[in-house]
Amino acid sequence: MDLSKIDLPFQPHVLAKILQLNENSDMNFKDLDNLIRADQNMTTLILKVANSSFYSRGNEISNLQQAIGMIGFKTVLAFATAGAAKKIFESGNYSRFRRYVWEHCIVTATLARVISGKYDKDLQEEAFIGGLLHDIGKVILNIVDRQKFIEVIHLAEDNKIEFIEAENYLFETNHAKVGGICIENWHLPRLFKIVAEYHENPLEIPDELEVSDRDKKIIYIISYSNYLAKKYKYGNYLEGKEYDISYAHKMLNFSEAEIQNLEENYAEAIKEDQFYKFFITVV
(Lines give C-alpha, C1' and ligand atoms only; values in the text may rest on other atoms or scores of the structure.)
Protein backbone atom coordinates (compact mmCIF):
# COMPACT_ATOMS: atom_id res chain seq x y z
CA MET A 1 0.00 0.00 0.00
CA ASP A 2 1.56 3.28 -1.13
CA LEU A 3 0.38 5.74 1.53
CA SER A 4 2.03 8.67 -0.25
CA LYS A 5 -0.61 8.48 -2.98
CA ILE A 6 -3.64 8.63 -0.68
CA ASP A 7 -5.81 11.69 -1.23
CA LEU A 8 -6.35 12.84 2.35
CA PRO A 9 -9.43 14.95 3.20
CA PHE A 10 -7.37 16.88 5.78
CA GLN A 11 -3.99 18.59 6.15
CA PRO A 12 -1.72 16.69 8.58
CA HIS A 13 0.91 19.47 8.48
CA VAL A 14 -1.28 21.55 10.83
CA LEU A 15 -1.24 18.73 13.37
CA ALA A 16 2.52 18.34 12.88
CA LYS A 17 3.12 22.05 13.52
CA ILE A 18 1.04 21.97 16.70
CA LEU A 19 2.90 18.94 18.09
CA GLN A 20 6.30 20.49 17.41
CA LEU A 21 5.58 23.35 19.81
CA ASN A 22 6.57 23.53 23.47
CA GLU A 23 6.13 26.06 26.24
CA ASN A 24 9.78 26.97 26.63
CA SER A 25 9.83 30.14 24.56
CA ASP A 26 7.68 33.19 23.88
CA MET A 27 7.84 32.41 20.16
CA ASN A 28 6.08 29.08 20.66
CA PHE A 29 3.27 30.83 22.54
CA LYS A 30 2.90 33.16 19.57
CA ASP A 31 3.10 30.24 17.12
CA LEU A 32 0.35 28.40 18.99
CA ASP A 33 -1.78 31.54 18.97
CA ASN A 34 -1.24 31.94 15.20
CA LEU A 35 -2.00 28.29 14.42
CA ILE A 36 -5.24 28.39 16.36
CA ARG A 37 -6.19 31.80 14.99
CA ALA A 38 -5.81 30.52 11.40
CA ASP A 39 -8.62 28.02 11.99
CA GLN A 40 -11.94 29.62 12.96
CA ASN A 41 -13.37 26.36 14.28
CA MET A 42 -10.35 25.81 16.51
CA THR A 43 -10.48 29.42 17.72
CA THR A 44 -14.14 29.00 18.64
CA LEU A 45 -13.34 25.74 20.43
CA ILE A 46 -10.54 27.20 22.58
CA LEU A 47 -12.63 30.25 23.51
CA LYS A 48 -15.52 27.95 24.38
CA VAL A 49 -13.22 25.95 26.66
CA ALA A 50 -11.89 29.12 28.32
CA ASN A 51 -15.43 30.32 29.02
CA SER A 52 -16.67 26.97 30.27
CA SER A 53 -17.58 26.47 33.92
CA PHE A 54 -14.41 24.43 34.40
CA TYR A 55 -12.09 27.37 33.66
CA SER A 56 -14.16 30.56 33.72
CA ARG A 57 -13.83 32.83 36.74
CA GLY A 58 -16.88 34.85 35.78
CA ASN A 59 -15.17 37.17 33.33
CA GLU A 60 -15.74 36.58 29.62
CA ILE A 61 -12.58 35.58 27.72
CA SER A 62 -12.72 37.11 24.26
CA ASN A 63 -9.22 36.60 22.82
CA LEU A 64 -6.82 33.72 22.40
CA GLN A 65 -3.95 35.16 24.40
CA GLN A 66 -6.20 35.41 27.44
CA ALA A 67 -7.47 31.88 26.80
CA ILE A 68 -3.99 30.38 26.54
CA GLY A 69 -2.91 32.23 29.68
CA MET A 70 -5.92 30.97 31.62
CA ILE A 71 -6.02 27.34 30.45
CA GLY A 72 -2.26 26.82 30.21
CA PHE A 73 0.00 26.09 27.25
CA LYS A 74 0.06 22.27 27.54
CA THR A 75 -3.70 21.99 27.99
CA VAL A 76 -4.42 24.32 25.06
CA LEU A 77 -1.94 22.28 23.00
CA ALA A 78 -3.90 19.11 23.78
CA PHE A 79 -7.22 20.78 22.93
CA ALA A 80 -5.72 22.18 19.71
CA THR A 81 -4.46 18.70 18.80
CA ALA A 82 -7.91 17.25 19.33
CA GLY A 83 -9.37 20.09 17.26
CA ALA A 84 -6.98 19.30 14.41
CA ALA A 85 -7.67 15.58 14.78
CA LYS A 86 -11.40 16.25 14.46
CA LYS A 87 -10.91 16.84 10.74
CA ILE A 88 -9.12 13.50 10.43
CA PHE A 89 -11.84 11.50 12.18
CA GLU A 90 -14.62 13.20 10.20
CA SER A 91 -13.62 11.00 7.25
CA GLY A 92 -15.56 8.16 8.85
CA ASN A 93 -18.91 9.72 9.67
CA TYR A 94 -21.00 6.58 10.12
CA SER A 95 -22.27 4.96 13.30
CA ARG A 96 -19.92 1.98 13.60
CA PHE A 97 -16.87 4.08 12.77
CA ARG A 98 -17.88 6.54 15.49
CA ARG A 99 -18.24 3.71 17.99
CA TYR A 100 -15.17 1.66 17.10
CA VAL A 101 -12.78 4.46 16.18
CA TRP A 102 -13.74 8.01 17.25
CA GLU A 103 -15.49 7.23 20.56
CA HIS A 104 -12.90 4.55 21.33
CA CYS A 105 -10.04 7.02 20.76
CA ILE A 106 -11.66 9.79 22.81
CA VAL A 107 -12.36 7.42 25.72
CA THR A 108 -8.85 5.94 25.50
CA ALA A 109 -7.32 9.44 25.46
CA THR A 110 -9.47 10.59 28.38
CA LEU A 111 -8.66 7.52 30.44
CA ALA A 112 -4.95 7.95 29.67
CA ARG A 113 -5.17 11.51 30.94
CA VAL A 114 -7.07 10.48 34.08
CA ILE A 115 -4.72 7.61 34.87
CA SER A 116 -1.54 9.58 34.21
CA GLY A 117 -2.94 12.34 36.42
CA LYS A 118 -2.98 9.86 39.30
CA TYR A 119 0.48 8.61 38.39
CA ASP A 120 2.40 11.66 37.13
CA LYS A 121 0.60 14.87 36.07
CA ASP A 122 3.53 15.85 33.85
CA LEU A 123 2.55 13.01 31.50
CA GLN A 124 -1.11 13.98 31.11
CA GLU A 125 -1.15 15.95 27.87
CA GLU A 126 1.16 13.58 25.97
CA ALA A 127 -0.86 10.62 27.24
CA PHE A 128 -4.05 12.28 26.02
CA ILE A 129 -2.60 13.08 22.58
CA GLY A 130 -1.11 9.60 22.22
CA GLY A 131 -4.44 8.04 23.17
CA LEU A 132 -6.19 10.20 20.61
CA LEU A 133 -3.80 9.18 17.82
CA HIS A 134 -3.16 5.53 18.71
CA ASP A 135 -5.68 4.19 16.16
CA ILE A 136 -4.99 6.73 13.42
CA GLY A 137 -4.21 3.81 11.10
CA LYS A 138 -7.89 2.81 11.20
CA VAL A 139 -8.82 6.23 9.88
CA ILE A 140 -6.37 5.85 7.00
CA LEU A 141 -7.62 2.36 6.12
CA ASN A 142 -11.16 3.75 6.11
CA ILE A 143 -10.05 6.49 3.69
CA VAL A 144 -8.27 3.97 1.45
CA ASP A 145 -11.36 1.76 1.12
CA ARG A 146 -14.39 2.64 3.21
CA GLN A 147 -16.42 -0.40 2.13
CA LYS A 148 -13.58 -2.77 2.92
CA PHE A 149 -13.12 -1.20 6.36
CA ILE A 150 -16.83 -1.69 7.04
CA GLU A 151 -16.22 -5.35 6.13
CA VAL A 152 -13.38 -5.37 8.69
CA ILE A 153 -15.83 -4.27 11.38
CA HIS A 154 -18.33 -6.96 10.37
CA LEU A 155 -15.62 -9.64 10.21
CA ALA A 156 -14.25 -8.74 13.63
CA GLU A 157 -17.73 -8.65 15.20
CA ASP A 158 -19.12 -11.79 13.56
CA ASN A 159 -16.05 -13.94 14.15
CA LYS A 160 -15.03 -12.52 17.54
CA ILE A 161 -11.53 -11.65 16.38
CA GLU A 162 -9.28 -8.61 16.84
CA PHE A 163 -9.41 -5.76 14.34
CA ILE A 164 -5.76 -6.40 13.41
CA GLU A 165 -6.56 -9.96 12.38
CA ALA A 166 -9.52 -8.83 10.23
CA GLU A 167 -7.44 -6.02 8.71
CA ASN A 168 -4.58 -8.35 7.84
CA TYR A 169 -7.04 -10.66 6.08
CA LEU A 170 -8.83 -7.97 4.06
CA PHE A 171 -6.15 -5.29 3.59
CA GLU A 172 -3.01 -7.45 3.90
CA THR A 173 -1.78 -4.89 6.44
CA ASN A 174 -3.17 -3.43 9.67
CA HIS A 175 -3.85 -0.16 11.45
CA ALA A 176 -0.77 -0.43 13.70
CA LYS A 177 1.62 -0.62 10.75
CA VAL A 178 -0.25 2.00 8.72
CA GLY A 179 -0.52 4.36 11.69
CA GLY A 180 3.20 4.13 12.40
CA ILE A 181 4.08 4.86 8.77
CA CYS A 182 1.72 7.84 8.55
CA ILE A 183 2.91 9.40 11.80
CA GLU A 184 6.50 9.09 10.60
CA ASN A 185 5.62 10.53 7.17
CA TRP A 186 3.82 13.45 8.82
CA HIS A 187 6.87 14.15 11.01
CA LEU A 188 4.94 13.83 14.25
CA PRO A 189 6.89 13.10 17.46
CA ARG A 190 8.52 9.65 17.58
CA LEU A 191 6.62 8.73 20.75
CA PHE A 192 3.30 8.72 18.88
CA LYS A 193 4.70 6.48 16.13
CA ILE A 194 5.67 3.90 18.77
CA VAL A 195 2.27 4.27 20.43
CA ALA A 196 0.53 3.60 17.09
CA GLU A 197 2.67 0.54 16.40
CA TYR A 198 2.78 -1.07 19.86
CA HIS A 199 -0.32 0.02 21.83
CA GLU A 200 -1.75 -3.51 21.59
CA ASN A 201 1.50 -5.23 22.58
CA PRO A 202 3.87 -2.82 24.41
CA LEU A 203 5.98 -5.68 25.77
CA GLU A 204 7.06 -6.38 22.19
CA ILE A 205 8.76 -3.00 21.74
CA PRO A 206 12.26 -3.98 20.57
CA ASP A 207 15.20 -2.90 22.69
CA GLU A 208 16.91 -1.29 19.70
CA LEU A 209 14.23 1.44 19.66
CA GLU A 210 15.75 2.69 22.92
CA VAL A 211 12.51 4.02 24.37
CA SER A 212 13.07 6.22 27.42
CA ASP A 213 11.52 5.22 30.74
CA ARG A 214 9.29 8.29 30.57
CA ASP A 215 7.98 7.43 27.11
CA LYS A 216 7.52 3.81 28.11
CA LYS A 217 5.29 4.91 30.99
CA ILE A 218 3.15 6.91 28.57
CA ILE A 219 2.92 3.96 26.16
CA TYR A 220 1.90 1.58 28.96
CA ILE A 221 -0.72 4.00 30.25
CA ILE A 222 -2.20 4.36 26.74
CA SER A 223 -2.15 0.60 26.22
CA TYR A 224 -3.95 0.04 29.52
CA SER A 225 -6.46 2.78 28.67
CA ASN A 226 -7.03 1.16 25.26
CA TYR A 227 -7.84 -2.10 27.05
CA LEU A 228 -10.23 -0.41 29.50
CA ALA A 229 -12.02 1.48 26.72
CA LYS A 230 -12.61 -1.76 24.82
CA LYS A 231 -13.64 -3.61 27.98
CA TYR A 232 -16.44 -1.13 28.56
CA LYS A 233 -17.78 -1.43 24.99
CA TYR A 234 -15.99 1.54 23.45
CA GLY A 235 -14.33 -0.69 20.89
CA ASN A 236 -13.87 -4.33 20.00
CA TYR A 237 -13.55 -6.31 23.26
CA LEU A 238 -13.37 -10.10 23.03
CA GLU A 239 -15.18 -11.79 25.91
CA GLY A 240 -13.22 -14.72 27.22
CA LYS A 241 -9.88 -13.57 25.82
CA GLU A 242 -6.99 -13.39 28.27
CA TYR A 243 -5.71 -9.81 28.15
CA ASP A 244 -2.31 -9.58 29.85
CA ILE A 245 -2.22 -6.14 31.48
CA SER A 246 0.06 -7.06 34.36
CA TYR A 247 2.76 -4.78 32.93
CA ALA A 248 0.50 -1.74 33.40
CA HIS A 249 -0.48 -2.63 36.95
CA LYS A 250 3.14 -3.21 37.89
CA MET A 251 4.34 -0.01 36.24
CA LEU A 252 1.59 2.14 37.77
CA ASN A 253 2.28 0.67 41.20
CA PHE A 254 -1.39 0.97 42.13
CA SER A 255 -2.83 -1.15 44.90
CA GLU A 256 -5.44 -3.76 44.05
CA ALA A 257 -8.07 -1.50 45.62
CA GLU A 258 -6.98 1.44 43.43
CA ILE A 259 -7.09 -0.71 40.30
CA GLN A 260 -10.54 -2.07 41.19
CA ASN A 261 -11.83 1.43 41.91
CA LEU A 262 -10.46 2.72 38.60
CA GLU A 263 -11.92 -0.12 36.56
CA GLU A 264 -15.31 0.00 38.28
CA ASN A 265 -15.71 3.77 38.28
CA TYR A 266 -14.03 4.75 35.04
CA ALA A 267 -17.34 5.88 33.49
CA GLU A 268 -17.84 8.56 36.13
CA ALA A 269 -14.22 9.68 35.75
CA ILE A 270 -14.44 10.29 32.02
CA LYS A 271 -17.90 11.88 32.13
CA GLU A 272 -16.51 14.57 34.42
CA ASP A 273 -13.40 15.15 32.29
CA GLN A 274 -13.52 18.40 30.29
CA PHE A 275 -11.75 16.83 27.29
CA TYR A 276 -14.36 14.08 27.02
CA LYS A 277 -17.24 16.55 27.38
CA PHE A 278 -15.98 18.71 24.53
CA PHE A 279 -14.96 16.05 22.03
CA ILE A 280 -17.24 13.01 22.35
CA THR A 281 -19.88 14.69 20.16
CA VAL A 282 -17.74 16.46 17.55
CA VAL A 283 -18.25 13.84 14.80
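Before moving on, here are some points about what is shown:
- In segment 1-13, the residue that is modelled with the highest pLDDT out of those that are surrounded by fewer than 18 Cβ atoms within 10 Å (Cβ to Cβ) and assigned to a helix (DSSP H, G or I) is His13.
- In segment 102-152, residue surrounded by the fewest Cβ atoms within 10 Å (Cβ to Cβ) [restricted to those that are in contact with a Cys (Cβ under 8 Å, 6 or more places away or on another chain) and more than 19 Å from Tyr266 (Cβ to Cβ)]: Ile140
- Positions within segment 194-225 being of a type in the set (D, E, K, R) and either under 18 Å from Glu242 (Cβ atoms) or in contact with a Lys or Arg (Cβ under 9 Å, 6 or more places away or on another chain) (or both), in sequence order: Glu197, Glu200, Glu204, Asp215
- Looking at Phe254, Phe171, just one residue is closer than 30 Å to Ala16 by Cβ and touching a helix residue (DSSP H, G or I) at 6+ places or on another chain (Cβ under 8 Å), and that residue is Phe171.
- Segments classed as helices (runs of 4 or more DSSP H), wholly inside segment 126-245, with at least 1 members that are without any contact (Cβ under 8 Å) to a residue 24 or more places away in the chain and within 24 Å of Gln260 (Cβ to Cβ): 213-231
- Within segment 61-100, considering residues that are surrounded by fewer than 19 Cβ atoms within 10 Å (Cβ to Cβ) and among the aromatic types (Phe, Trp, Tyr), the one farthest from Glu157 (Cα to Cα): Phe73
- Only a single item in (1) part of a loop (DSSP other than H, G, I, E, B); (2) β-branched (Val, Ile, Thr); (3) touching a Gly at 6+ places or on another chain (Cβ under 7 Å) is not met by Ile61, and it is number (3).
- Residue check, Asp122 farther than 18 Å from His249 by Cα and without any contact (Cβ under 8 Å) to a residue 12 or more places away in the chain: yes
- Taken as a whole, the structure places Leu170 among residues that are in contact with an Asp or Glu (Cβ under 7 Å, 6 or more places away or on another chain) and surrounded by fewer than 19 Cβ atoms within 10 Å (Cβ to Cβ).
- Segment 176-190, residues that are surrounded by fewer than 22 Cβ atoms within 10 Å (Cβ to Cβ) and of a type outside the set (A, V, I, L, M, F, W, C): Lys177, Gly180, Glu184, Asn185, His187, Pro189, Arg190
- Residue satisfying condition, being buried (at least 17 other Cβ atoms within 10 Å of the Cβ) and over 16 Å from the mean Cα position of the chain (by Cα), within set Tyr224, Tyr266, Tyr220, Tyr232: Tyr266
The values are calculated or read from the model by the stated rules, or taken from the named source; none is laboratory data. Here the structure is a predicted model, which is why all the values come from computation and not from measurement. Note that we place each Cβ from the backbone using ideal geometry, even for glycine, and neighbour counts take in every protein chain shown.
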